[in-house]
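Here is the structure we will look at, set down as structure tokens.
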Amino acid sequence: MTVTSSSHTLVELRGLAATPRIVTIGTFDGVHLGHHHLLRSAVTRGREQSLATMAVTFEPLPPQVLRPEKFPGRLCTVAEKVEQLASSGVDQIVAIEFNLALAAQSPEQFMADLVAVSHLHELWVGDNFALGRNRVGDVARLTEIGQELGFAVVALRRLMVGPDMVSSSAIRQAVSNGAVGLARRLLGRPFRVSGEVIHGAHLGRTIGFPTANVAPPAELVALADGIYASLAWLPDDTAPRPAMTYVGTRPTVNSGARQVETNLLDFDGDLYGQILRVDLIERLRGDAVFDGLDALIAQLRRDDVHARTVLAELGIAGLRPDRSHVSRSIERWPSS
């Protein structure tokens, strides 16, 4: 995978072949089931028309720039976002730097610039998509702009999973409430926390539940405290390891620092310094204060049984890490 960068504005960028393209645009936070539906629909259309498909996104996410004090956090890191975008089968991924200047740009100017460098033939978006200041560039306005600039607009209805509409905001709310089972169903995969295994208080091993500790990534939406049935991935794993994960500040022992602590079931080994990926499957219970270590240990034993039961009922054989991004290329297009 290669990344190229440029200090030019969008309209000044060079190097793309002058051939028509199917283009889809979105913030794509989490790259959830609705996003994948949009991306794969655009890819299918591109193959039918023998046209390349380009996914255009923004980094940082617009709310991180426009409302940083209110933004609850991302659903995935930039690297995970790129990985998920690539898995959809798009031919190119373009990340446009989002800043206040771009936010103030009119949809007419943005689309004119995009047409100039992408040779846009069809624009595929969600039916609630909008760009430009005050979101004036909605689907209706983009359709008018397309008639002026020579591209068609296809807007897909938002996806439903049972009674739930699939959206990044709904998934953020689910994660922050501890409803990671709902988040998993809307994402189409578990919510993931990754990081380097660091030293903790070393209490877990002394009570029979050794944990691999990871500091919660600051940019991700905050998890609800408690115990989760989870799946853990070590760097060379090709299948997930059943696990039980604690999120919180360990109030029973007054340790204070908030961490994500994962007990890999039936595993014994030194993981310090390794990158651990933890997929949260179901929240088993909230955090609690116990009357001493004996009570804590007794509850952890019950949690262990509960976690194994949940994972066994769901089955883990079909879950695999997504590495289909390896052969893809990415262009990063900063705006002015």
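The values are calculated or read from the model by the stated rules, or taken from the named source; none is laboratory data. A quick note: this is a predicted structure, and the numbers were derived from the prediction, not measured. All Cβ positions, glycine included, derive from the backbone under ideal geometry; neighbour counts span all protein chains shown.
Quick look at the numbers
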| read-out | value |
| --- | --- |
| Among residues of the stretch 160-178, those that are over 13 Å from the mean Cα position of the chain (by Cα) and either of a type in the set (S, T, N, Q) or surrounded by 19 or more Cβ atoms within 10 Å (Cβ to Cβ) (or both), counted | 6 |
| Of residues in the stretch 256-267 being part of a loop (DSSP other than H, G, I, E, B) and at pLDDT 85 or above, the one surrounded by the fewest Cβ atoms within 10 Å (Cβ to Cβ) | Asp266 |
| Every residue from the stretch 41-76 that is within 20 Å of Leu100 (Cα to Cα) and of a type in the set (D, E, K, R) | Glu59, Arg67, Glu69, Lys70, Arg74 |
| Criterion violated by Glu122 - all others in (1) at pLDDT below 95; (2) among the acidic types (Asp, Glu); (3) buried (at least 19 other Cβ atoms within 10 Å of the Cβ) satisfied | (1) |
| Extreme residue, surrounded by the fewest Cβ atoms within 10 Å (Cβ to Cβ), among residues of the stretch 36-52 that are outside any helix (DSSP H, G or I) and in contact (Cβ under 8 Å) with a residue 40 or more places away in the chain | Leu51 |
| Filter result for Ala155 (farther than 29 Å from Met244 by Cα, without any contact (Cβ under 8 Å) to a residue 24 or more places away in the chain and assigned by TED's automatic domain parsing to the domain that holds Thr27) | no |
| Condition check for Ile275: modelled with pLDDT of 85 or more, β-branched (Val, Ile, Thr) and closer than 30 Å to Ala95 by Cα | yes |
| Out of Ser88, Ser106, sole residue that is over 27 Å from the mean Cα position of the chain (by Cα) and among the small types (Gly, Ala, Ser) | Ser106 |
| Residue match in the stretch 53-64 (condition: small (Gly, Ala, Ser), within 25 Å of Gly188 (Cβ to Cβ), surrounded by 18 or more Cβ atoms within 10 Å (Cβ to Cβ) and under 16 Å from the mean Cα position of the chain (by Cα)) | yes |
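A quick yes/no check of all residues on (1) under 26 Å from Leu159 (Cα atoms); (2) not hydrophobic (A, V, I, L, M, F, W, C); (3) not assigned by TED's automatic domain parsing to the domain that holds Ile25:
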| site | (1), (2), (3) |
| --- | --- |
| Val90 | yes, no, no |
| Glu97 | no, yes, no |
| Leu100 | no, no, no |
| Ser106 | no, yes, no |
| Gln109 | no, yes, no |
| Val115 | no, no, no |
| Leu120 | yes, no, no |
| Phe129 | yes, no, no |
